[in-house]
Amino acid sequence: AKGVYDSANGTVTTSSAQSTDQKMIKRVTMNVETENLSELLDHINEKITRLNGYMEEQQLNNGSAYSSHRSRSANLTVRIPADQLDGFVEQVKGLSNVTSYNQSTENVTLSYVATESRMKALQTEEERLLELLSKAENMSDLLKIEARLTEVRYELEKTTSQLRVLQNQVDYATVRLYITQVTVFTEVEPLTVWQRIGTGFRSNLKDIGEDLVDFFVWAVTYSPQLMLLAATVTVVVLLTKRSLKKQKQDRATKNEEEE
């Protein structure tokens, strides 16, 4: 709705006429799976560039070299032109397995109108103060006008910045992508009892295989430490046995002497 900002009480008076220029902030959150994380990231970056969007934040986790359970993953915050959002989302769905999806829309029209109206009111006041400043006849009036002009310019800069942030949020939708690299995609359709049993059985076999591989990798990786530990334990055991044997012989000798 179109409105007029009232600087005296900080309110917006709206007219009965409805504006078709609604200010909407769109946000999308997606959890997806892929078999090749690097390839998917390349495709996503290509789509972002082609749609004139940009990457706001990117976090990449390369997993663990010693565990198969900690797979590679990436968290992305992407800004896409609002009118290209649906197309971008469909392309991501076509390139990956979507496990969860959420989209929200926030109407910030009134907030935008209030901020814009306040900015224009401050601009008008600045012009009037500059005009008064040029006509000031004494030092007292000059100082008062300059003090108020400083306040107005500070408020104008802050309000202009707020308006730019709002406009950026309206122009560019925010897409948060949580990507996980997997070997087997998660079933997103409802499963029958036997399908659930089969899926669980295969998953357990897969986990057992990965555990065995992880143990082998760990054992080979830490074999020098394990060999050193084994040698230390062996020496301690031999010394302990030797000490016990000597103590036994000493007791036997002592008993013989006493007899």
Around LEU166, under 10 Å between beta carbons, what's the net of Lys plus Arg minus Asp minus Glu among the other residues? 0
Report, by chain and number, residues whose modeled amide H sits under 5 Å from the one on GLU56, excluding near sequence neighbours (fewer than 5 apart, same chain). THR77, VAL78, ARG79
For THR49 and VAL165, what is the calculated FRET efficiency with R₀ set at 35 Å and r taken between the beta-carbons, to the nearest 0.05? 0.90
As a test of the definition: which semi-axes, in Å, follow for segment 115-162 when you take the square root of five times each eigenvalue of its alpha carbon gyration tensor? Largest first, please. 23, 10, 5
Tell me, in nm to one decimal, what length is gained between THR105 and GLU151 on full extension, where the rule is 0.36 nm per residue of separation less the Cα-Cα distance? 13.0 nm
Stretched fully, the stretch from GLU35 through THR186 gains (0.36 nm per residue minus C-alpha distance, one decimal, in nm) 53.2 nm
Taking 24 Å as the cut-off for C-alpha to C-alpha distance, list the pairs among LYS47/LYS158; LYS23/LYS93; LYS26/LYS120; LYS23/LYS120 that go past it. LYS47/LYS158; LYS23/LYS93; LYS26/LYS120
Highest average packing first - 48-54, 251-257, Cβ atoms within 10 Å: 48-54, 251-257
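All of the numbers you see were taken from the coordinates with simple rules; none came from a lab. All values reported here derive from a predicted model rather than from experimental measurement. Neighbour counts are summed over all protein chains in view; Cβ atoms, including those assigned to glycine, are modelled from backbone coordinates with ideal geometry.
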